[in-house]
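Okay, structure first, notes after.
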Amino acid sequence: MRVASLAAYLYAIYKLPALARRLLGRAKATDRELAPTHRRAAAAILATALAMRGVMIKACQAIATRADVFPPEMVETLKQCHDAVPAKPFAEVRAAVERELGKPLGAVFARFEEAPIAAASLAQVHGATLADGAEVAVKVQYPDIEEIVRTDLRNLERLCRFYEWFDPQPLELLPLLQELTRHLGYELDFRREAASADRVRAIFADDARVVVPRIHPEHSTGRVLVMERVSGIKITEKAALEAAGLDPAEVVQELMGAYVRMILAAGFFQADPHPGNLMVTPDRKLILLDFGLAKELPEGYGLGLFELMFSMMTLNESAMIRAFQELGFETKTGNTDTFLLITRRMLARSESGSFEGEFTEEMTDELFEAIRQDPVVKVPSDFVLVGRVFSFLSGIAHTLGHRANVLAAMGAGPPG
Amino acid sequence: MSAASDSAEIAPDRLTYARDELLESGSYAAPLIAGGVRCHGGFDESGAYRSPRTIHRMPAVRAWQARLARDGHALLEIPRAAMPPQYPNVEQAALLLENGVRDPIVRTLTVISIVEGFGAIIRDVRVPDLASLVVEPIEGTALAHLGGGLFEAHARDESGWKDEGGHKQMWEAARDLALEKPKIPGDVLLRMMGRQAARRRPERPFPQLDETLERMLAIMAQVLVVEIFAEGTFDWGYRLLSNPKVSAAPEAAGAMVAHIRADESPHVEYLRTALSEVRARTLRTVDGKTLSGRSVVDGLVHRILRDVTRTRPQEQRDDLRDSLAEAVKVAPNPQRLLDELGALDTEWTPPAHTGFEPAAG
Ligand SMILES: Nc1ncnc2c1ncn2[C@@H]1O[C@H](COP(=O)(O)OP(=O)(O)OP(=O)(O)O)[C@@H](O)[C@H]1O
Ligand SMILES: [Fe+2]
Ligand SMILES: [Fe+2]
């Protein structure tokens, strides 16, 4: 199993030298001293991911989105997993599309680009022109991906059990994993993805600043998705954004606004905001791509999340505790003091006693850290993808060097 | 004003306060508990409600106002005539509830609670270095205390702080008491945020001013107008929720709204005082010239009043219109109910003038 040998390799390059240093009584290595190690590790991780695709690429996308957590060498190397995974040869793509559509390529497309626009974890995307002249992007699922994902998930589950066995205060990982697994399974069904795209587009029907590419259902199947072709600047390309006259601070704010609207207000959201799935046009529109991972929240859950975020932003401990409970967080003891500890810890992060309305990466991390350390055992499964989204958004905000004001994103009007 | 009795022994002419003083509540004989939630404020020995953080804040605001008057400056007055009526009005709301149509009213009350909570954003308003942007001295004014406790006190009052609920939670409690913990319609936030999305970023009416200063003044004027018009909303809430025909807890729910209303008075007063202080002064522009504070404040207030009177009545109706036809279906005779509602409509035309029109020329 490739993952196991990768793990062994990472252990060897990180842990053994650290151990040796400790034995020799030397100080811990600094990040700078570790840079070559990070580079070697990243190369090894990337090689494994590229060979395996699927879940491993997903993991690398997450790492590469969190420039605030992982070393720069790692982020730099792995960011190609967002959209620049080496493509499958065109012959395979052509065969896959023809098999799916049940007709030759030329019967549907006037033109089909052999070189892909991009390629990521589950699919690669080619530019094409329909018979009526419409410019489209064709997302083609890697032929063997279903089998790969199934194996990945089995391995992941084993890994989690292994981890729970050793961790003295385990988070209950399995329910979280089950939630992720369920959605990964859905991601392979492009019909579902098309429906999700339509739903998100409807949420923004009255807001021209958010764009979701239109789907051509008549040419789409479970494994091939034909959609309107869009173009824009990858959201984390700060220099390119600025060169186009866009203000990264505004981009961060609009991104937060769009997610707050989907998650809190509509209760349905694109749950995969890694930078490969987000573009900004020079005329300040936000493009959302890739609805493979989308989540519907139970009725009322959005309002509960609103209460949680709102109470965090306004430093209201008692409201925060009520919100945690309403969302289905449970403590091992049933004692709410644990929530108070978590809230205090999170709020203590703010020196001024105020977050200035900002949902910071520290807050996301503090939340997860606090949950891990205190005996909260049950994180509600509906929260999993929400937490993941905010983690990604924090990472993007960090990369762009600006924070979003969440109260403003929720509609509280502009702050000063 | 409820704080008056407590503050008698504090020197009435003091003009400078520490941040902690402006945030100080003092002690209460009994706390305010709303719907099981500990809220801010509380009751004195005689059982009278005293607003939070007013021990020093109220006397301070009065002292600043007295100083303005001594110096011969008027206090800014927002004309109540510009205030659009609440829709649905009290009679319409009661009629809906009596017919078992609860969703629209629950939605309205929930929106009120959220909008109150949003008031907390005032603490995120950046306060520029006023001493360098205002020609005349600002020591001993409300203006000099905005970042030193006034904005923060306001934020805490609206959204609650630490282990105490604020107006947001008090409105929720009033709603839940009166309507017995109703189910909240799932589309509340979607409607609110949809409206927000449709709004454009406002252009800058005074580009020659320091941008932070302009934004701060614009937000203060906006909040002042919202706070004053909220009086109509409070009146509506009080009359509706204390009506025993439609409220399950007329006394408790009505009292809750009355407490909120009492707490709002310091907000209105400090904002109009600080804006009046600006009106009485001269502002430096970024190109080294000056501008009268009066022209800036009045210009901002004019724009806000003009926009609010134009958009707000429509927004309230839009909020309801789509859902009303659906919501009344639970009534015994939907069409008749709609007709009766129409007959109870409040006629209202916005005033032709805001009273803050820029001078001609
Ligand atoms: N409609 C489109 N127009 C232009 N480019 C597109 C379009 N859709 C997708 N792309 C490009 O193709 C890349 C991969 O597409 P997509 O993200 O949908 O695939 P995926 O395999 O589901 O990726 P992921 O690993 O993010 O789940 C995107 O990052 C984007 O760069
Ligand atoms: Fe993607
Ligand atoms: Fe207020």
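The values are calculated or read from the model by the stated rules, or taken from the named source; none is laboratory data. The structure presented is a predicted model; accordingly, all values stated were derived computationally and were not measured. Note that each Cβ is placed from the backbone with ideal geometry, even for glycine, and that neighbours are counted across all protein chains shown. Heavy atoms of the whole protein, side chains included, go into the accessibility calculation; ligands, DNA and RNA do not. Shrake-Rupley method; radii C 1.70, N 1.55, O 1.52, S 1.80 Å.
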message = Checking B:Gly186 against (1) part of a loop (DSSP other than H, G, I, E, B); (2) more than 8 Å from every other protein chain (Cβ to nearest Cβ), only one condition comes out false. Which one?
response = (2)
remark   = Filtering the range B:231-258 for residues that are more than 18 Å from B:Arg102 (Cα to Cα) and surrounded by 23 or more Cβ atoms within 10 Å (Cβ to Cβ) leaves a count of 2
message = Can you go through A:Ala91, A:Ala137, A:Ala118, A:Ala128 and tell me which one is away from ligand 1 (no atom under 15 Å from the Cβ) and outside the structural domain of A:His398 (by TED's automatic domain parsing)?
response = A:Ala91
query = Counting residues that are among the acidic types (Asp, Glu), farther than 24 Å from A:Asp207 by Cα and at pLDDT 85 or above, which helices (runs of 4 or more DSSP H) fully inside the range A:315-416 reach at least 2?
reply = A:317-326
inquiry  = If I filter the range B:98-136 down to residues being part of a loop (DSSP other than H, G, I, E, B) and farther than 21 Å from B:Tyr87 by Cα, which single residue comes out as most open to solvent (accessible area, probe 1.4 Å)?
reply    = B:Arg126
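Look at A:Arg261 and say whether it is among the charged types (D, E, K, R), away from ligand 2 (no atom under 16 Å from the Cβ), within 14 Å of chain B (Cβ to nearest Cβ) and in contact with a helix residue (DSSP H, G or I) (Cβ under 7 Å, 6 or more places away or on another chain).
Working: among the charged types (D, E, K, R): yes; away from ligand 2 (no atom under 16 Å from the Cβ): yes; within 14 Å of chain B (Cβ to nearest Cβ): yes; in contact with a helix residue (DSSP H, G or I) (Cβ under 7 Å, 6 or more places away or on another chain): yes.
Yes: the conditions hold for A:Arg261.
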Hits in the range B:252-308 (condition: touching a residue at least 40 places away in the same chain (Cβ under 8 Å) and not in a helix (DSSP H, G or I)) = B:Ala280, B:Arg281, B:Thr282, B:Leu283, B:Arg284, B:Thr285, B:Val286, B:Asp287, B:Lys289, B:Thr290, B:Leu291
key: Residue list for the range B:34-58, filter: touching a strand residue (DSSP E or B) at 6+ places or on another chain (Cβ under 7 Å) and either open to solvent by 60 Å² or more (accessible area, probe 1.4 Å) or assigned to a loop (DSSP other than H, G, I, E, B) (or both)   = B:Arg38, B:Asp44, B:Ser51, B:Pro52
request  = Go through (1) touching a helix residue (DSSP H, G or I) at 6+ places or on another chain (Cβ under 8 Å); (2) more than 10 Å from every other protein chain (Cβ to nearest Cβ) one by one and return the number of the condition B:Val223 breaks.
outcome  = (2)
task = Please name all residue pairs, on different chains or six or more residues apart, with Cβ atoms under 6 Å, provided the first residue is in the range B:40-62 and is in contact (Cβ under 8 Å) with a residue 24 or more places away in the chain and the second residue is surrounded by fewer than 17 Cβ atoms within 10 Å (Cβ to Cβ) and of a type in the set (Val, Ile, Thr).
result = B:Pro59/B:Ile10
message = It is to be established whether one or more residues within the range B:272-279 are of a type outside the set (Gly, Ala, Ser) and surrounded by fewer than 18 Cβ atoms within 10 Å (Cβ to Cβ).
response = no
query = Which residues, counting only those in the range B:281-293, are crowded, with 18+ Cβ neighbours inside 10 Å and either among the hydrophobic types (A, V, I, L, M, F, W, C) or under 24 Å from the mean Cα position of the chain (by Cα) (or both)?
reply = B:Leu283, B:Gly293
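Open to solvent by less than 50 Å² (accessible area, probe 1.4 Å) and at pLDDT 95 or above: does that describe B:Asp210?
Yes; evaluated as a whole, the condition is true for this residue.
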query = Can you name every residue in the range A:57-104 that is buried (at least 16 other Cβ atoms within 10 Å of the Cβ), closer than 26 Å to A:Val138 by Cβ and more than 17 Å from the chain's Cα centre (by Cα)?
reply = A:Ala87, A:Lys88, A:Val93, A:Arg94, A:Ala96, A:Val97, A:Glu98, A:Glu100, A:Leu101
